[in-house]
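Each remark here refers to the structure printed beneath this line.
The values are calculated or read from the model by the stated rules, or taken from the named source; none is laboratory data. This is a predicted model, so every value here is computed, not measured. Heads up, the Cβs are rebuilt from the backbone with ideal geometry, glycines too, and the neighbour counts pull from every protein chain shown. Remember, those area values only see protein heavy atoms, side chains included, never the ligands or the DNA or RNA. Shrake-Rupley method; radii C 1.70, N 1.55, O 1.52, S 1.80 Å.
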Amino acid sequence: SPRFGQILSCGSWIKDLLMTNDNLAHVFSIGARDDLVATVEETETKLLDSGRVTMYNQSLTNAETAASICEEMEEEIHNENLEQLPIYISVDKDVLSENVIRTNWDQGNMDIHYIEEIISRSSKKAELLGMDVCGELSGVQTEQMDLEKEIERSEAVNLGFYHLFQMIRQSRTFDKKK
């Protein structure tokens with residue numbers, strides 16, 4: 001259920017889509033806090049047992065972990081014959097480390113380079129159909145921040161993901177022309 005009443009939140013829209021859209025073959029959730037993963041594992045057993053959801057907690061803090069997640073995802077994509085299906089990636093910036101961006105949501109500890117690596121590698125296995133980035137500052141509890149600086153950092157992250165998406169789409173288009 002939505003974390004904040006009946007509003008659509010980062011996690012609730014994924015759950016709603018999984019429950020209402022049979023065309024959604026699989027969700028890989030990367031970066032949720034350990035306690036949130038545990039809550040989902042306790043409350044959403046039917047959804048998890050369906051085999052359509054794979055969750056990785058927020059321990060994506062080093063290259064070895066990122067490589068391991070990439071390998072597991074690639075294996076699962078192959079084993080489930082998902083290579084022929086397009087993928088959609090949603091990035092919530094609150095999983096990122098304060099070194100990358102400060103949020104006033106649940107702050108994560110991930111390095112942006114590892115998320116980019118996962119996006120790049122997964123898009124080599126299946127066509128990247130689309131991507132969104134969420135996790136903007138909410139406008140509350142910002143008095144402890146240099147708001148202008150954090151907005152600039154947030155925009156830089158958004159643009160970085162946009163350019164990564166464009167690069168991936170262009171390389172796929174180029175590969176198809178060969």
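Observations, loosely collected:
- Conditions (1) at pLDDT 80 or above; (2) in contact with a helix residue (DSSP H, G or I) (Cβ under 7 Å, 6 or more places away or on another chain): number failed by residue 60: (1)
- Only one entry in 131, 110 is open to solvent by less than 20 Å² (accessible area, probe 1.4 Å) and touching a residue at least 12 places away in the same chain (Cβ under 8 Å), namely 110.
- For region 94-107, the candidate set comprises residues that are among the charged types (D, E, K, R) and under 24 Å from residue 17 (Cα atoms); within that set, the residue that is modelled with the lowest pLDDT is 106.
- Among the residues of region 109-128, those that are of a type outside the set (Val, Ile, Thr) and outside any loop (DSSP other than H, G, I, E, B) comprise 110, 113, 114, 116, 117, 120, 121, 122, 123, 124, 125, 128.
- Test for residue 152: is it open to solvent by 70 Å² or more (accessible area, probe 1.4 Å), more than 30 Å from residue 64 (Cβ to Cβ), part of a helix (DSSP H, G or I) and of a type in the set (D, E, K, R): yes
- Of all residues in region 38-93 being in a strand (DSSP E or B) and closer than 20 Å to residue 23 by Cα, the one that is most open to solvent (accessible area, probe 1.4 Å): 88
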